[in-house]
Amino acid sequence: QVETAYHHTCAVTASRTVDCWGWSEFGRLDVPTAFTPDTTVPVITPVVTGTLDPDGWYSTDVNVSFTVTDNESAVSSTGCDPVTVTTDGIRSITCTATSSGGTASATVEIKRDTSAPVVTPSYAGTLGNGGWYVSDVTVSFTVNDPHSPVTSPACGPVTVDADGTVPVTCTATSP
């Protein structure tokens with residue numbers, strides 16, 4: 001690597017020393033004889049806050065920020081600004097930082113689900129007049145959560161063979 005100016009030239013040698021020459025009142029310019037180049041990439045540390053459920057899904061808004069450091073040279077970065085995740089689903093957030101020592105990236109995956117599962121019943125039996133069944137009725141349930149897996153569906157087909165109104169329930173949770 002060579003740098004030149006109006007009255008001098010400096011070069012980095014293979015042994016990583018700096019040699020300079022040129023015109024000055026005293027001949028050779030006064031410069032350091034060696035320097036330490038930046039050989040390490042920036043260190044990126046993600047900081048994630050929110051309510052994390054045991055199965056890895058957040059049940060609240062999630063704040064993501066990154067701390068970027070490099071003790072040897074200046075850093076430029078992209079995608080490292082703070083972000084608040086306010087929508088359900090899976091989202092990846094990446095911070096990339098570059099210094100004289102190279103480029104580093106850190107990615108965090110945020111899984112957020114603040115909605116309850118949807119329970120949909122279906123009925124099988126002979127429907128009579130007025131919306132009343134005239135036979136045994138089998139009630140089945142479909143449990144769905146568009147954002148995360150359903151972890152505890154306590155639902156199964158239930159056959160009702162009694163007259164009158166009979167309550168049948170299904171309870172399901174997701175992260």
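A few points about this structure:
- When we screen Val62, Val68, Val75 for residues that are more than 30 Å from Thr169 (Cα to Cα) and within 13 Å of the chain's Cα centre (by Cα), the only hit is Val62.
- When Thr49 is tested against the conditions (1) within 27 Å of Ser148 (Cα to Cα); (2) surrounded by 14 or more Cβ atoms within 10 Å (Cβ to Cβ), the lone failure is (2).
- Close Cβ contacts (under 9 Å, 6 or more residues apart or on different chains) running from residues in the stretch 162-174 that are among the charged types (D, E, K, R) and outside any loop (DSSP other than H, G, I, E, B) to residues that are open to solvent by less than 60 Å² (accessible area, probe 1.4 Å) and modelled with pLDDT under 85 are absent.
- Pick from the stretch 61-84, criterion hydrophobic (A, V, I, L, M, F, W, C) and out of contact with any Pro (no Cβ under 6 Å at 6 or more places or on another chain), ranking: farthest from Gly50 (Cα to Cα): Ala74
- Within the stretch 116-133, the set of residues being free of Cβ contacts under 8 Å to residues at least 40 places away in the same chain and touching a Ser or Thr at 6+ places or on another chain (Cβ under 6 Å) comprises Thr120, Ser122, Ala124, Gly125, Thr126.
- In the condition set (1) modelled with pLDDT of 95 or more; (2) among the hydroxyl-bearing types (Ser, Thr, Tyr); (3) out of contact with any strand residue (DSSP E or B) (no Cβ under 8 Å at 6 or more places or on another chain), Thr45 is compliant with all but (3).
- Here Ala154 meets the list (1) modelled with pLDDT under 85; (2) within 30 Å of Val41 (Cα to Cα) almost entirely, failing just condition (2).
- Subset of the stretch 134-145 (residues that are in contact (Cβ under 8 Å) with a residue 12 or more places away in the chain and open to solvent by 60 Å² or more (accessible area, probe 1.4 Å)): Asp136, Thr142, Asn144
- Each residue in the stretch 47-91 was checked for being more than 25 Å from Ala116 (Cβ to Cβ) and among the hydroxyl-bearing types (Ser, Thr, Tyr), and 7 of them qualify.
- Check on Ser148, touching a Pro at 6+ places or on another chain (Cβ under 8 Å), assigned to a strand (DSSP E or B) and surrounded by 12 or more Cβ atoms within 10 Å (Cβ to Cβ): no
- Here Gly131 clears all of (1) surrounded by 14 or more Cβ atoms within 10 Å (Cβ to Cβ); (2) on the phi > 0 side of the Ramachandran plot except the condition numbered (1).
The values are calculated or read from the model by the stated rules, or taken from the named source; none is laboratory data. Predicted model only: the values in this text are computed from it and were never measured. Cβ: placed from backbone, ideal geometry, glycine included. Neighbour counts: every protein chain shown. Accessible surface is based on the protein model in full, side chains and every heavy atom, while ligands, DNA and RNA are left aside. Shrake-Rupley method; radii C 1.70, N 1.55, O 1.52, S 1.80 Å.
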